[in-house]
Amino acid sequence: MRNARGFTLVELAVVVVIIGVLAAFAVPRFLASVERSKAAEAFNYLSSIQAAQERYHARQGTYAAEVTGLDIQMTNMKYWTAGAVVAGSTASLEDSWSQTLTRTGASAGYGEYTVTFTDQGYDPSASTIEEHPDINPMQT
């Protein structure tokens with residue numbers, strides 16, 4: 001009799017099943033992690049806007065109606081569309097403001113969602129990212 005070398009079909013099938021099970025757990029977590037990092041871009045952008053708005057308000061006595069009027073240089077966002085700066089809860093830019101970013105493009109199955117900041121900071125009640133706690137950087 002000759003010595004049998006190599007793998008049997010059963011052994012290969014077991015390995016394929018194990019790899020499939022590992023991938024079923026790893027891929028969704030990986031996609032959520034990638035989407036969470038993209039969501040962090042919005043929070044970083046809006047945090048910078050909030051700080052610049054506060055400096056503008058201290059100098060001018062009102063909040064800026066345009067991001068271009070602020071004392072910061074912002075790069076173009078790759079995954080987000082910025083809405084206009086609007087008056088916030090008091091309906092006047094003199095003492096409140098709000099801005100919303102909307103996620104554009106493919107979002108790993110999460111669909112379109114928004115992040116909103118006001119003069120008070122992150123506004124969870126106006127942000128639809130709250131529906132996705134696994135990608136929300138504010139959820140710890």
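Bear in mind these aren't lab numbers, they're just calculated from the coordinates by the rules spelled out. A quick note: this is a predicted structure, and the numbers were derived from the prediction, not measured. Every residue, glycine as well, gets a Cβ built from its backbone with ideal geometry; the counts of neighbours run over all protein chains shown.
Observations on the structure shown:
- Distribution of pairwise C-alpha distances over the range 9-131, 5 Å bins, in %: 2, 10, 18, 18, 13, 10, 7, 5, 4, 4, 3, 2, 2, 1, 0, 0
- Basic side chains Lys and Arg get +1 at the Cβ, acidic Asp and Glu get -1 at the Cβ, and with that the dipole of the chain about its Cα centre reaches some 940 debye.
- Helix 9-60 vs. the chain, principal-axis angle (Cα, 0 to 90°, nearest 10): 10
- Ranking of SER48, SER127, SER92 by count of other Cβ atoms within 10 Å, fewest first: SER92, SER48, SER127
- Mean ellipticity per residue at 222 nm, deg cm²/dmol - from DSSP H runs of n ≥ 4 across the chain, formula -39500 (n - 2.57): -14000 deg cm²/dmol
- Taking the charge dipole of the range 9-131 about its Cα centre, with +1 at Lys and Arg Cβ atoms and -1 at Asp and Glu Cβ atoms, the residue from VAL14, PHE43, TYR110 reaching farthest to the positive side is VAL14.
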